[in-house]
Amino acid sequence: MQIIDGKLISNQVKEELRIEVEKTIKEGGKIPHLAAVLIGDNGASETYVASKIKSCEQIGFKSTLVRRDAHATEEEVLEIINDLNMDEDIDGFIVQLPLPDHIDVDKIIEAIDPKKDVDGFHPINIGRMAKGLPAYISATPYGVMELLKRYEIPTAGKHCVVVGRSQIVGLPMSILMQRNAYPGNCTVTLTHSRTQNLKEITLQADIIVAALGRPEFITADMVKEGAVVIDVGLTRVVDASKKSGFALKGDVKFDEVAPKSSFITPVPGGVGLMTVASLMHNTLLASRKEIYK
Ligand code: GUN
């Protein structure tokens, strides 16, 4: 069994990006500029956005944080998006999810200029990805693909079972894993909360991508000997022994599943760190106009 080290790989990716930016600046090119929109005071969102801004600093990107409280109206958020769409110095931006309930998330995402949608959430980017056209690929699935690639994990002809059909992870993950590419060329099964006999299906998986957001849901009896296990879950559970008052739990019961697996991502220290590195990668692509000329 080998642990897939998300910290190591995300640091490698960020170092590669830092060197690229250094070169660009020496050559008189534009410094990549990422903006993040944060509405409300969701604790997890605050942590994620802070880590995105910190990564920008580490790599040498410019960053801008636009914050509003939870009472911000949909119109106000649409106005912020319009300003960022028009701002020529901003190469890409993200609107951190979840948004407060009174804001229509689809309306917000569709208002983002697809050329600046470095989260890859806009229907145009999802559609282009599905067709295999150049597109921003959403950061978490992109991070998983990068881990599979850098650990040289064989995927062609394998059965990949994705658990969870979220727009952000499960759905794009299933599209990417079936593509005629590496990583990819898998036979993909996308499972969800209405799937019958889930265990029968996961037991057939050569690669399991657990992305349902239920702590320790995937247990050893659901996993075939030698499977590759990718844990996308990141749920805060109360833990009085921690200074923060909570612990981060994945969707996989790591201690019992790890001995059965060939490769496994830990939580924390796995996929989560790759999400930020992938967003930085997309921002560099945006500043170089590599997706949309
Ligand atoms: N909320 C959870 N994951 C993400 C992400 O990758 N991007 C944004 N914008 N919000 C999120």
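The values are calculated or read from the model by the stated rules, or taken from the named source; none is laboratory data. Since the model is a prediction, treat every value here as computed from it, not as a measurement. Note that each Cβ is placed from the backbone with ideal geometry, even for glycine, and that neighbours are counted across all protein chains shown.
Looking across the range 63-104, the residues that are within 14 Å of the ligand (Cβ to nearest atom), part of a loop (DSSP other than H, G, I, E, B) and surrounded by 14 or more Cβ atoms within 10 Å (Cβ to Cβ) come down to Gln96, Leu97, Leu99, Pro100, Ile103. A search for C-beta distances below 7 Å between a residue of the range 281-293 that is within 13 Å of Ala35 (Cα to Cα) and any residue that is among the charged types (D, E, K, R) and not in a helix (DSSP H, G or I), counting only pairs 6+ apart in sequence or on different chains, returns Thr283/Asp91; Ala286/Asp91; Ser287/Lys30; Ser287/Asp91. Condition check for Glu57 on (1) more than 17 Å from the chain's Cα centre (by Cα); (2) loosely packed, with under 14 Cβ neighbours inside 10 Å; (3) within 14 Å of the ligand (Cβ to nearest atom): one failure, at (3). The residues on offer are Val237, Val276, and the sole one that is touching a residue at least 60 places away in the same chain (Cβ under 8 Å), among the β-branched types (Val, Ile, Thr) and out of contact with any Cys (no Cβ under 9 Å at 6 or more places or on another chain) is Val276.
A count restricted to the range 11-40 and to residues that are β-branched (Val, Ile, Thr), within 16 Å of the ligand (Cβ to nearest atom) and either under 19 Å from Ser278 (Cα atoms) or free of Cβ contacts under 8 Å to residues at least 60 places away in the same chain (or both) stands at 2. Yes or no: the range 130-137 includes at least one residue that is surrounded by fewer than 24 Cβ atoms within 10 Å (Cβ to Cβ) and not in a loop (DSSP other than H, G, I, E, B). Yes - at least one qualifying residue is present in the range 130-137.
Kindly indicate whether Ala50 is in a strand (DSSP E or B), among the small types (Gly, Ala, Ser) and within 15 Å of the ligand (Cβ to nearest atom). Taking the combined requirement at face value, the residue does not satisfy it. What about Leu147, is it away from the ligand (no atom under 13 Å from the Cβ) and either part of a helix (DSSP H, G or I) or within 17 Å of the chain's Cα centre (by Cα) (or both)? Yes.
Taking the criterion of being away from the ligand (no atom under 16 Å from the Cβ) and aliphatic (A, V, I, L, M), the residues of the range 254-284 that qualify are Val257, Ala258, Ile264, Leu284. Residue count for the range 231-267 under the criterion of being modelled with pLDDT of 95 or more, surrounded by fewer than 21 Cβ atoms within 10 Å (Cβ to Cβ) and assigned to a loop (DSSP other than H, G, I, E, B): the result is 3.
Could you tell me whether the range 106-122 includes any residue that is farther than 24 Å from Asn42 by Cβ and either assigned to a strand (DSSP E or B) or within 16 Å of the ligand (Cβ to nearest atom) (or both)? Scanning the range 106-122 turns up at least one residue that is farther than 24 Å from Asn42 by Cβ and either assigned to a strand (DSSP E or B) or within 16 Å of the ligand (Cβ to nearest atom) (or both). Do we find that Gly43 is within 13 Å of the ligand (Cβ to nearest atom), of a type in the set (Gly, Ala, Ser) and surrounded by fewer than 14 Cβ atoms within 10 Å (Cβ to Cβ) in this structure? Yes, satisfied.
Do you know which residues across the range 148-157 are in contact with a Cys (Cβ under 8 Å, 6 or more places away or on another chain) and either in contact (Cβ under 8 Å) with a residue 60 or more places away in the chain or surrounded by fewer than 13 Cβ atoms within 10 Å (Cβ to Cβ) (or both)? Scanning the range 148-157 gives Ala156, Gly157.
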